[in-house]
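The values are calculated or read from the model by the stated rules, or taken from the named source; none is laboratory data. Predicted model only: the values in this text are computed from it and were never measured. All Cβ positions, even for glycine, are placed from backbone atoms using ideal geometry, and neighbour counts span all protein chains on display. Quick note on the areas: whole protein, heavy atoms, side chains included, nothing else; ligands and nucleic acids left out. Shrake-Rupley method; radii C 1.70, N 1.55, O 1.52, S 1.80 Å.
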Amino acid sequence: MGRTTWFYKLNAEKAKSNLILDLHSRTKFKKSFEDFINERKAEFGDDFDVTFNDVIQKVSSNINTIRPNELWELTYWLDENKYERTGQGENYEKVYTELYTNNGIESLYEIQSINAYGFMFQYGNFTDYFEIDETDEPYDGGRNVNAKKFTRFLDYMILLMKKVSEADLNENEYKYEPFNEEVEEISKIENLNQENKLLFEIIENEFISLKRNFFKEKEKENLEENYRSRNPDYYTVFCAEGFLENCIRMKREIEEINTNILIVDSM
């Protein structure tokens, strides 16, 4: 069940002034971005629909219009250069800042394996009830989402994961105790949404479902010595505190920006 999901925020001005130069360069990198795209096209044929000119056009005008699969190819190319340079002894932070931060690409969060399935299931559950996606394009290796709308999903996750954490379903040795900043943020979200009855109904129903599935999987583990759960809900309960912390952090990092959130989803 291999899956990795990345959440990025993009800076259109940095991309327009810095990234565009790297994408055009034929000398700065061992393999230019254009050559990289041509090789990928040769490898995958007609199934590969990312083009050099399309990416150039979007980066030069507004990188927030980029498709998730285009951003995935772009970060794949940047990663190849990052690994090559750090493998030769260059400082990781310096290389990352040059290739990503200065070029207007900032990773907010990365989730892997079964945890990614659990997190993205909640994304799908929320979007079944509330409109969030910026476009109605087919699922294209992720989603391109308006930051303000994505914040609504984070509010849902924060309230749901708080409820799961407080219930202590997995009986942690150390009981969940939120930091003061978390308490303040959760209280603010609850106050802002106190009239949103649908939101709290969805959270309550999802909590009941998570709890039921968690205990079903727990019972199987107790009965079968070599049983290993592959149920995303089971791991969502175990990751609840981590999801809560990272959703609060992401919300703070995107509250004051005018950009889109790019969800790049690789399965």
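If you average the sequence gap of Cα pairs under 8 Å that are 6 or more apart and divide by the length of the stretch 65-216, what percent do you get for the contact order?
Values: 62 pairs, mean separation 33.1, N = 152.
Once divided by the residue count of the stretch 65-216, the mean separation gives 22 percent.
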Using a 7 Å offset from the Cα along the Cα-to-Cβ direction at both residue 256 and residue 221, what is the distance between the two label points in nm, to one decimal?
4.1
If I stretch the segment between residue 26 and residue 53 completely, what's the gain in nm (0.36 nm per residue apart, minus their alpha carbon distance), one decimal?
8.2 nm
Within the chain, what whole-number % of the accessible surface is contributed by carbon and sulfur, with the 1.4 Å probe and all protein chains included in the calculation?
46
Helix 33-44: inclination vs the chain longest Cα principal axis, degrees, rounded to 10, gives 70
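Counting each DSSP H run of 4 or more residues in the chain as -39500 (n - 2.57), what helix-only mean residue ellipticity at 222 nm follows after dividing by all residues, to the nearest 500 deg cm²/dmol? Mind dumping the intermediate values first?
Values: 11 runs with 153 residues, N = 267.
Calculated from helices alone, the mean residue ellipticity at 222 nm is -18500 deg cm²/dmol.
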Extending each Cα 7 Å along its Cβ direction at residue 191 and residue 231, get the distance between those two points in nm, one decimal.
3.8
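Against the 2.2 N^0.38 Å scaling, with N counting residues, where does the stretch 27-72 land? I'd like the Cα-based Rg ratio to two decimal places.
1.18
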Scattering profile of the stretch 137-188 at q = 0.17 Å⁻¹ [log10 I(q)/I(0), Debye over alpha-carbon scatterers]:
-0.69
Accessible-area order (highest first, 1.4 angstrom probe) of the listed residues 25, 113:
113, 25
Scattering profile of the stretch 133-267 at q = 0.15, 0.19, 0.22 Å⁻¹ [log10 I(q)/I(0), Debye over alpha-carbon scatterers]:
-0.87, -1.21, -1.37
46, 128, reordered so the largest accessible area comes first (probe 1.4 Å)
46, 128
When semi-axes √(5λ) of the Cα gyration tensor in Å is calculated directly from the model, which label among [x] 28, 21, 16; [y] 36, 22, 18; [z] 41, 23, 14 fits?
[y]
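Note the direction-averaged projected area, equal to a quarter of the hull surface, for the Cα convex hull of the stretch 1-57, in nm². Let's see the in-between values first.
Working: hull surface 22.5 nm².
Here the figure is 5.6 nm², rounded to one decimal.
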Residues in the stretch 234-256, backbone N under 16 Å from the label point at residue 212 (7 Å along the Cα-to-beta-carbon vector): list them, ranges by number please.
234
Based only on Cα atoms, what mean projected area does the convex hull of the stretch 221-267 have, in nm²?
5.0
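Please identify the longest segment of the chain free of exposed GluC sites (Glu not before Pro), where exposed means a DSSP state other than H, G, I, E or B and no more than 16 other Cβ atoms within 10 Å. It would help to have the intermediate numbers written out before the result.
Details: sites that count: 90, 131, 171, 173, 195, 224, 225, 255, 256.
Counting only loop sites that pass the neighbour cut-off, the longest clear stretch is 1-89.
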For the stretch 1-95, state which trypsin sites (Lys or Arg not before Pro) are in a DSSP loop and have at most 14 other beta carbons lying within 10 Å of their beta carbon.
26, 28, 30, 31
